[in-house]
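Below is one structure, written out as structure tokens, with a few remarks after it.
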Amino acid sequence: MVAVRLSKWVMVALAVVGMASAADAKLFGLFGSQRPRPRPVTQAVQPQAQPVNYRWSLGAAPKAYQDMVAELGTRGLKPGQFVWASAIPTEGDTRVVLDLKLQMAYVYRGDRVIGATTISSAKRGMVTPLGNWKILEKQKMYRSRKYDNAPMPFMQRIDEYGIAFHGGNNPGYPASHGCVRMPLKFAEKLYGLTRIGSEVIIEG
């Protein structure tokens, strides 16, 4: 009976000693694996703003609008209105950004927006093509071969099917057969700033 009680006390003592030894070992770092591993540091991913309700956009059109507000000091134009910067840089390539959603065109020289205007693109049932284009042909006075010999002053063609931007009526909504109409005076000045191969981006 005494032996049984003694053995129980011995087992309890050994257990206490074992627990203390393990705790001491962990405290003094005798077992390297006992230290908690550092957690990996993760960085929060910032969401990127995307153009709203655009069928296709790489962000050039929304950015052009912001640049117009910052550089040209206007938030919107009435049909037929346009604005140019007071001074146009002499260096840098000219680039045209067309926004079919807002019916606006923006002109860049290098990285700076220098002009903006309202436009009129393709009406329902017709197409003004989205995408990245280059000016393929320029003519100060041109007439349509498809639509009743219609005048297309300061015409700048961007594809093989005859789509171009040129001076024309701007009613405040899409009304063309596919070309992009601009106010005549704006189209005239733009004609003098571009060259064959100038970049044209159409989003919407």
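Details
- Here K140 is the anchor, and the aspartates and glutamates within straight C-alpha reach of less than 13 Å, apart from those fewer than 8 places off in the same chain, are E188.
- Label sites at Q139 and K185, each approximated as a point 7 angstrom past Cα along Cα to Cβ, lie 2.7 nm apart.
- Annotation: the residues M182, M126, sorted from fewest to most other C-beta atoms within 10 Å of their own C-beta, follow the order M126, M182.
- In nm, spacing of pseudo-spin labels at K78 and D111 (7 Å Cα→C-beta vector): 3.6 nm
- Shown is the FRET efficiency for L130 and E91, computed with R0 = 25 Å from the Cβ-Cβ distance and rounded to the nearest 0.05: 0.25.
- Of all beta bridges that DSSP places with both ends in the range 138-204, some 60 percent have antiparallel geometry.
- Highest mean packing first, where packing is the average number of other Cβ atoms within 10 Å per residue, the peptides 110-123, 55-68, 131-144 line up as 110-123, 55-68, 131-144.
- Annotation for Y147 and E160: the two label points, set 7 Å from Cα along the Cα-Cβ direction, are 2.2 nm apart.
- Label point at V69 placed 7 Å out along Cα→Cβ; residues across the range 162-178 whose backbone nitrogen lies under 12 Å: none
No value in this document is a laboratory result; all are computed from the given coordinates. All values derive from a computational prediction rather than experimental measurement. Ideal geometry is used to build each Cβ from the backbone, glycine not excepted, and the neighbour counts take in all protein chains shown.
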